[in-house]
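The values are calculated or read from the model by the stated rules, or taken from the named source; none is laboratory data. As the structure is a prediction and not an experimental result, all values here were calculated from the model. Here the Cβ positions follow ideal geometry from the backbone for every residue, glycine too, while neighbour counts run over all protein chains shown.
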Amino acid sequence: MIGAITSMLDNFLGRGSAAVTVPPMDGALKPNNSLEGLPPGIAAKAPGNLVQIDGAPAWSDGADVVSSSGTVVLTVGAPITALAVRNDGVIAVAALNGVLSIFDKDRNDITPAWTRRPDHVTAMSFGSKGEILFCVGSETNDPENWPKDLMEKNASGWVGAASVETGDIFVLATDMAYPSGIVQLPDDTVLVSEAWVSHLIVLGPGAKRTIVLDEIPGYPGHLSKSSGGGYWLSVFAPRNPLIEFVLREPGYRSAMMREVPQEFWVAPAYASGESFLEPLQGGALKQMGILKPWAPSRSYGLVVQLDGDFIPMRSFHSRTGGRRHGVTSALDIGGTLWLTSRGASEVLTFLPDEKGESR
Amino acid sequence: MSVANTITKLRYRYLPDHMIGEILSKNWIDNAIPFLVMVAVVGVFGTLLPNFFSGSNMEILGRQYGEFALVVIAMMVVIVVGGIDLSVGSNFALGNFAMLYFLNLAELPTGVSALLVILICGGVGLINGLLIGYMRLRAFLTTLVTLIIVRAVVDMLLLEYAQQMSMSFYSSPLWDTMGMGGFGPLPFSFAVLVVVAVLGHIAITRSRPGWRALAIGGSRRSAYNIGLPVRRIVCSAYVLSGMLVGAAGVLYAARLSGAGTDTGMGMEIAALTAAILGGNSLGGGRGSVAKALIGAVTVLVLTNGVLRLGLNSGSGPMVLGLTLLAAVFIDVRWLKNRGKLLSKVYVSPTLMEMPQPRSTEDGPLAVNDRLSDVEVIALGKVESPEDVILDENDYLYSGSRHGDIIRYAPPNYTEHEVYAHIGGSPLGMAFDKDGNLLVCVGGMGLYRVDKDRNVTKVTDETNRSTFSVVDDSRLRLADDLDIAPDGKIYFSEATIRYEMHDWPVDALESRGNGRIICHDPKTGKTHTEIRNLVFPNGVCTSHDGQSILFAESWGCRVNRYWIAGPNKGKLEVLIDRLPGYPDNINRASDGTYWVAIMGMRSPALDLALRMPGFRRRMARRIAPDQWLYPNLNIGCVVRFNDKGEILESLWDRKAANHPMITSMREHKGWLYLGGITNNRIGRVRLKGMDDSWSGWSSYWGKKTGGQA
């Protein structure tokens, strides 16, 4: 009873849970323009998951897996949503049509019969025992429809493990708010990014969840290991006070989803500013022909390096008005960082240690 | 669902939410809480006490009130200048004693005695004033000392004369009237109070000394710095206070005809409580007679009520003390939070159902790149050229946000100079028949720059609407103008609720906050022609001179208003369902019109316009920078004809070369572009338009014939 009154009062006064606040980009997350300053990368249609195949970087691009030399390594029947490679060369490919296929290192299809259909996979990686660890973003929305899943405020995602050999699928955790990045830690626990709640959790034995990093000023996605012993976290879209506010307005949200085309929603996106039909916020009005780089935006480019204790060490940004937005994955190969930017449809590469400190 | 819809519509049509913000921005709203407290106190004691509202009780109370309220006004006068007067109680006792002494022992006439008493008490005030105003002693300590000394003097005098005074009994018709009579139903003291209150109110709100006193209370140092005679005014406030207390003492003497040691005991606390309870700020600078009167009623009813309820002897002061505490608390909280509350509730969105926009995919409004090769003029040299205009000699003029009119020299417009400095934010411009430049200036009004570059004000006010809370006679955001063939100037005021720098916030409200105003140079009169328009913006006289066309920006439509001919006074929609927000309208050489589209609609905002509650909460919960806004980063130029048919549009798809367009002017085959958030002016060559046509000749008849 008191709880209900408190929440009603909060709602009226805009306090507590109704307060619209967004964590600041500060400290190691202080904005810079590193990504925007990079030379042109490799053009792609819809670059997604970066992996290492035969020592060279490769990424998903639509239904293809493309390597950095430009060759198409693999093609499956639908756009790829997640990709992972085992040490022995086995490749796991999850596609938009709900098919999770396994290929051996000679690209032969060795997909077993899965005990459960792993639909809407957003991220995959291999565990130490050779099993696939994967995230299912949402029960109802496929990974291309992630803004809809956010606007519906779903928490129907789950994390599972699949045995390549037997086809057995085990559920590790359920009811998650769009898990979208997964990597196994040295102690065999699993680090998962839970996008809609902007935090990273570690799944311990017995499905024990520990939040290891929260208050991320964006929606965390792909995770990968850094060569220095930490992790690279790709933040695929920024949090924005207006969007947070819309998330607290069920009436407007449902009408918007019903009547407005999805690309023009008040919702985060991989890229923005393409059409004048997109929503615009007050701070993003150009003054004297200039768009302020700190103006509110629906899209942003951000990749963060975490240390072994998941503390952000430094970050690389593409700010409002930039193009290299929507970083969907990052891969560190011997100190060279490869990035996929969905906003710019580009695969970028640079040496982070030469970019200087971003703090 | 449809019933609910109808109710929502009716609610936003008839409930004037926006008035809450406007009322909160008025000064008199400070009295709201004190007034409610007064009503509550009167209500409670009125029901608790039998015969409270009876005539005899009212008369007794009225008589007491006359005396007490005078003392409270005295207290208010010193509080307003940032001081305090604790000596009112003993000064009151002195006045009472002196009056009785003069009548009974000195045997002076009533009038002379009263005058002397007022002078004596004023003298006490003068001592306070000299010490505090000129010697710069602390008001609290000084008046505390006066309180003690004057009380001691009164006690000594009583010891000396009380015996003699009680032996004699003075009586005269005037004295009896003062004590027991009055004017009709009004007790004498109450009538005195009414006169003092009216005079005091006028003095404080409408006279120089009153304003100066308020200024000194608000900030003594600033008042000193601007050259106000701080010391003299502070001193005279205490003198005035003393005189008012003296008058109250006279009235008290007339009512009770007795002097005792307890006369005026604790009166300083009661008066202070009343003054603060009424809403006079203890820090100074904020006070009025009305506040003092309200506070006096509350305290008088409270103290009398407690007495008559027969509570314990200590309970009277106890109630008074607690009330004072509450009053100080409310005073502090109100001062601190009023501005915050106002900023939260001022934005008051209303229901606006936007029709489906015309297509920008195909048809005459289809997006193209015809503006992508705009020639840029004065890049980085001009800021906020909202409107541009050219004269017959091809000179180009624009405003700037620094308040200048800037003139660019033909043919390349690389040279420019400040043509005139007006101040404010120059917006729409037009040349009259004699070649004078008329300019709408945001924040100032309508101005004229003549050929010798002299700036004169044409008008800055119109008639006030009957039921407006805020004074809407002053022009806040004069936007664009045009001149009718008869010389009358029609201009738009985009919104009466926002200042120049906040103009896009008006889109969040989308209420009819704007108006079309007409100024007649022949009579010098200005009057409002059409009210309740949704951000009326560009104004243009039609080619036949029979009507004016004006844009309603947030309504995404262009209207026609007939100013002559059979349809005179009729208002009709010429173009609706525009995909963006129309701004300035100007004539084209072929008998059509150009209209600038300053920004584009987005479906998310159109939806929000249907949901005023959503927008209201948005305005309260998130920072203005984060609000959902109209997209003013891209626009286009559209040409239409007198039938309201759209003929063509000119776009810059990337909005790179010329980001935003608020106005355009055709001149000799070129189209010149202005934009309020731009740091440049653009021009583009027109194909198939008359190369000798100029705006001025189109209006004022003289054919140019290439004399440029």
Going by what's in this entry, would B:ASP30 be described as assigned to a loop (DSSP other than H, G, I, E, B), of a type in the set (Asp, Glu) and within 29 Å of B:LEU240 (Cα to Cα)?
no
Condition met for B:LEU477 (out of contact with any helix residue (DSSP H, G or I) (no Cβ under 7 Å at 6 or more places or on another chain), of a type in the set (A, V, I, L, M) and crowded, with 16+ Cβ neighbours inside 10 Å):
no
May I ask you to verify whether A:VAL266 is within 7 Å of chain B (Cβ to nearest Cβ) and in contact with a strand residue (DSSP E or B) (Cβ under 7 Å, 6 or more places away or on another chain)?
yes
Being more than 14 Å from chain A (Cβ to nearest Cβ), of a type in the set (A, V, I, L, M) and under 20 Å from B:VAL458 (Cα atoms) narrows it down to one of B:ALA494, B:ALA551, B:ALA588, B:ALA596, so name that one.
B:ALA494
Residue that is surrounded by the most Cβ atoms within 10 Å (Cβ to Cβ) [pool: residues in segment B:418-470 that are among the aromatic types (Phe, Trp, Tyr) and farther than 17 Å from B:GLU392 by Cβ]
B:TYR447
(1) assigned to a helix (DSSP H, G or I); (2) more than 11 Å from chain A (Cβ to nearest Cβ); (3) buried (at least 23 other Cβ atoms within 10 Å of the Cβ) all hold for B:ILE661 apart from (1)
Checked against (1) farther than 15 Å from A:ARG298 by Cα; (2) within 14 Å of chain B (Cβ to nearest Cβ); (3) crowded, with 20+ Cβ neighbours inside 10 Å, A:TYR178 satisfies every condition except (2)
Within segment B:262-279, is there a residue that is without any contact (Cβ under 8 Å) to a residue 40 or more places away in the chain and more than 35 Å from the chain's Cα centre (by Cα)?
yes
Taking the condition of being more than 23 Å from B:ARG138 (Cβ to Cβ) and crowded, with 22+ Cβ neighbours inside 10 Å, how many residues in segment B:57-72 meet it?
7
Selection over segment A:250-291 where residues are in contact (Cβ under 8 Å) with a residue 40 or more places away in the chain, in a loop (DSSP other than H, G, I, E, B) and either among the aromatic types (Phe, Trp, Tyr) or more than 29 Å from A:GLU36 (Cα to Cα) (or both) yields a count of 2
Looking at B:ALA478, B:ALA484 in this structure, which one is within 14 Å of B:ILE548 (Cβ to Cβ), aliphatic (A, V, I, L, M) and at pLDDT 85 or above?
B:ALA484
Restricting attention to segment A:279-297, and to residues there that are over 12 Å from B:TYR629 (Cβ atoms), of a type outside the set (Gly, Ala, Ser) and within 8 Å of chain B (Cβ to nearest Cβ), which single residue is surrounded by the most Cβ atoms within 10 Å (Cβ to Cβ)?
A:LEU291
If you go through A:LEU302, A:LEU242, the only one that is at the interface with another protein chain (Cβ under 9 Å from one of its Cβ atoms), touching a strand residue (DSSP E or B) at 6+ places or on another chain (Cβ under 7 Å) and outside any loop (DSSP other than H, G, I, E, B) is A:LEU242
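Answer with yes or no whether B:ILE269 is outside the structural domain of B:GLY555 (by TED's automatic domain parsing), β-branched (Val, Ile, Thr) and crowded, with 22+ Cβ neighbours inside 10 Å.
It is false that B:ILE269 is outside the structural domain of B:GLY555 (by TED's automatic domain parsing), β-branched (Val, Ile, Thr) and crowded, with 22+ Cβ neighbours inside 10 Å.
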Within segment B:164-222, tally of residues that are modelled with pLDDT of 85 or more, under 19 Å from B:LEU61 (Cα atoms) and part of a helix (DSSP H, G or I):
13
Working only within segment B:359-403, note down all residues that are more than 15 Å from B:GLY695 (Cα to Cα) and of a type in the set (Val, Ile, Thr).
B:THR360, B:VAL367, B:VAL374, B:VAL376, B:ILE377, B:VAL382
Segment B:1-32, subset more than 22 Å from B:VAL534 (Cβ to Cβ) and outside the structural domain of B:ALA274 (by TED's automatic domain parsing), residue nearest to the chain's Cα centre (by Cα)
B:ILE7
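I'd like to know if segment B:674-697 contains one or more residues that are within 13 Å of another protein chain (Cβ to nearest Cβ), small (Gly, Ala, Ser), out of contact with any Lys or Arg (no Cβ under 6 Å at 6 or more places or on another chain) and in contact (Cβ under 8 Å) with a residue 24 or more places away in the chain. Working first, answer last.
The first filter runs over segment B:674-697 and keeps only residues within 13 Å of another protein chain (Cβ to nearest Cβ), leaving B:675-682.
This time we only want the ones that are small (Gly, Ala, Ser), so: B:675, B:682.
Among the residues that remain, those that are also out of contact with any Lys or Arg (no Cβ under 6 Å at 6 or more places or on another chain) are: B:675, B:682.
Within this subset, residues satisfying the condition of being in contact (Cβ under 8 Å) with a residue 24 or more places away in the chain are B:675, B:682.
Yes, the conditions are met somewhere in segment B:674-697.
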So A:PHE276 passes all but one of these: (1) within 14 Å of chain B (Cβ to nearest Cβ); (2) touching a helix residue (DSSP H, G or I) at 6+ places or on another chain (Cβ under 6 Å). Which condition number does it fail?
(2)
Hey, any hits in segment B:569-579 for a residue that's surrounded by 21 or more Cβ atoms within 10 Å (Cβ to Cβ), on the phi < 0 side of the Ramachandran plot, touching a Phe, Trp or Tyr at 6+ places or on another chain (Cβ under 7 Å) and assigned by TED's automatic domain parsing to the domain that holds B:ASP432?
yes
Here's a check for you: in segment B:605-643, which residue that is within 7 Å of chain A (Cβ to nearest Cβ) and among the polar types (S, T, N, Q) is surrounded by the fewest Cβ atoms within 10 Å (Cβ to Cβ)?
B:ASN633
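Being assigned to a helix (DSSP H, G or I) and β-branched (Val, Ile, Thr) is the filter; apply it to segment A:1-47 and report the residue that is farthest from the other protein chains (Cβ to nearest Cβ).
The qualifying residue farthest from the other protein chains (Cβ to nearest Cβ) is A:ILE2.
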Unique residue being more than 20 Å from A:LEU233 (Cα to Cα) and within 20 Å of the chain's Cα centre (by Cα) when the list is A:ALA58, A:ALA63, A:ALA19
A:ALA63
Answer residue from segment B:498-524, given it is assigned to a loop (DSSP other than H, G, I, E, B) and out of contact with any Leu (no Cβ under 9 Å at 6 or more places or on another chain) and is nearest to B:MET352 (Cα to Cα) among those
B:ARG511
Quick one: would you say B:SER348 is crowded, with 19+ Cβ neighbours inside 10 Å and assigned to a loop (DSSP other than H, G, I, E, B)?
yes
Within segment A:206-227, identify whether any single residue is assigned to a helix (DSSP H, G or I), modelled with pLDDT under 90 and surrounded by fewer than 22 Cβ atoms within 10 Å (Cβ to Cβ), and answer yes or no.
yes
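Residue-wise test of (1) of a type outside the set (Asp, Glu); (2) surrounded by fewer than 13 Cβ atoms within 10 Å (Cβ to Cβ); (3) within 24 Å of A:HIS325 (Cβ to Cβ).
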residue: A:ASN32; (1), (2), (3): yes, no, yes
residue: A:ASN49; (1), (2), (3): yes, no, yes
residue: A:SER60; (1), (2), (3): yes, no, yes
residue: A:VAL66; (1), (2), (3): yes, no, yes
residue: A:SER69; (1), (2), (3): yes, yes, no
residue: A:ALA78; (1), (2), (3): yes, no, no
residue: A:LEU83; (1), (2), (3): yes, no, yes
residue: A:VAL90; (1), (2), (3): yes, no, no
Set A:SER163, A:SER128: member being surrounded by fewer than 18 Cβ atoms within 10 Å (Cβ to Cβ) and closer than 24 Å to A:LEU306 by Cα
A:SER128
